[in-house]
Amino acid sequence: MAQIALITGATSGIGKATAELLAQHGFNLIITGRRAERLDQLAAQLRQQHGIEVLCQSFDIRQRQAVERAVEQLPAQWRSIDVLVNNAGLAVGLEHLHEGQIDDWERMVDTNIKGVLYITRSVAPLMVAQGHGHIVNIGSIAGTQVYENGNVYCATKHAMHALSQGMRQDMLRHNIRVSEVRPGLLETEFSLVRFKGDADRAKRTYDGLTPLYAHDIAEAILFIVTRPSHVCINDMELTPTAQATSGLTFRQPR
Ligand code: NDP
Ligand code: 8X3
């Protein structure tokens with residue numbers, strides 16, 4: 001029987017690329033995000049290209065009741081979730097802490113920490129009940145390092161790093177694997193969101209180097225979730241070849 005993967009934030013970037021790659025490998029998918037039209041388009045494409053089943057669930061992961069309702073109301077055949085990819089997340093703003101926008105901080109904390117907790121709290125009991133599962137958390141190199149102006153975003157990804165370790169301990173006796181994937185510089189809609197639609201500034205993030213692309217992370221996720229059941233990849237950090245640490249990149253002059 002085909003495995004079921006629930007991917008949060010599948011309307012763009014890593015989540016979308018992961019949906020495409022897992023579909024190619026025969027997974028049935030529950031795809032989530034706020035932009036319902038994009039979910040519908042992706043679902044139609046994946047059904048047509050790969051003959052898999054896809055269920056779209058559009059909700060804002062910051063809305064606790066909406067998350068709970070989405071999982072509670074899953075049709076019976078969709079409740080045996082094998083893989084949960086906790087991917088939905090964002091950075092908003094890049095300022096020194098004393099100049100930061102508190103609304104931006106709340107968006108990041110509510111999405112990157114509380115949203116992950118809401119969906120995991122709803123899905124993990126289904127995995128416990130069935131006696132297996134695999135949770136893949138998308139952290140960041142910002143989860144173990146901090147860069148100037150990254151303050152609150154880095155704090156949320158440090159929280160993800162701590163939660164990944166905590167989940168792994170709590171899920172141990174339930175045969176549930178917990179893996180964390182921690183990318184560095186990666187070109188998606190991430191910088192466009194961080195800079196609130198300023199496309200020029202977003203583009204400059206990747207000036208002079210070849211960043212990671214969403215497909216690179218999707219391939220890592222596919223590898224992680226297709227290991228034999230006795231193997232758990234706990235933590236995988238990936239950077240572009242041109243990045244050594246959060247703050248140290250090698251850029252070709254233009
Ligand atoms: P994108 O902006 O391309 O994708 C983000 C996804 O998250 C979208 O599908 C978006 O869906 C979803 N999302 C955001 N907020 C919400 C919300 N409130 N409710 C539901 N879904 C939401 O960025 P990436 O693919 O790059 O980001 C994915 C993850 O990877 C994030 O957790 C990010 O922190 C992490 N990451 C990114 C890196 C990068 O440099 N790009 C590097 C390291 C980690 P929608 O807007 O439709 O709701
Ligand atoms: C995104 C990576 O370091 O550009 O998590 O903020 S970073």
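Which residues, counting only those in the stretch 222-254, are under 15 Å from the mean Cα position of the chain (by Cα), β-branched (V, I, T) and under 19 Å from T144 (Cβ atoms)? Working first, answer last.
Restricting attention to the stretch 222-254, the residues satisfying the condition of being under 15 Å from the mean Cα position of the chain (by Cα) are 222, 224-225, 235-238.
The next check asks that each one be β-branched (V, I, T); those that pass are 224-225.
Scanning the stretch 222-254 gives a single hit, I224.
List the strands (runs of 3 or more DSSP E) that sit entirely inside the stretch 1-59 and contain at least 2 residues that are over 19 Å from I221 (Cβ atoms) and more than 16 Å from ligand 2 (Cβ to nearest atom).
Details: elements: 4-7, 28-33, 54-58.
Here the list reads 54-58.
Of everything in the stretch 61-81 that's in a loop (DSSP other than H, G, I, E, B) and among the polar types (S, T, N, Q), which residue is nearest to ligand 2 (Cβ to nearest atom)? Can you show your working first?
Of all residues in the stretch 61-81, those in a loop (DSSP other than H, G, I, E, B) come to 61-63, 73-75, 79-81.
With among the polar types (S, T, N, Q) added as a condition, the list becomes 63, 73, 80.
Details: Q63: 23, Q73: 32, S80: 31 Å.
Among those residues, the one meeting the criterion is Q63.
Please work out which residue is nearest to ligand 2 (Cβ to nearest atom), limiting yourself to the stretch 96-144 and to residues that are under 14 Å from the mean Cα position of the chain (by Cα), closer than 16 Å to M171 by Cα and among the hydrophobic types (A, V, I, L, M, F, W, C).
Among them, the one singled out is V116.
Could you tell me which numbered condition L172 fails, if it satisfies all but one of (1) within 25 Å of R121 (Cβ to Cβ); (2) among the aliphatic types (A, V, I, L, M); (3) within 15 Å of the chain's Cα centre (by Cα)?
Result: L172 passes all but (3).
Residue-by-condition table, conditions (1) outside any loop (DSSP other than H, G, I, E, B); (2) farther than 26 Å from D82 by Cα; (3) more than 12 Å from ligand 1 (Cβ to nearest atom); (4) touching a residue at least 12 places away in the same chain (Cβ under 8 Å):
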| residue | (1), (2), (3), (4) |
| --- | --- |
| A159 | yes, no, no, yes |
| Q169 | yes, no, yes, no |
| R182 | yes, no, no, yes |
| S191 | yes, yes, no, yes |
| T210 | no, yes, yes, yes |
| A220 | yes, no, no, yes |
| P228 | no, no, yes, no |
| E237 | yes, no, no, yes |
| Q252 | no, yes, yes, yes |
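Rule-based calculations on the coordinates, nothing more; no lab input. These numbers were taken from a predicted model, which means no experiment stands behind them. Every residue, glycine among them, receives a Cβ derived from its backbone with ideal geometry; neighbour counts consider all protein chains shown.
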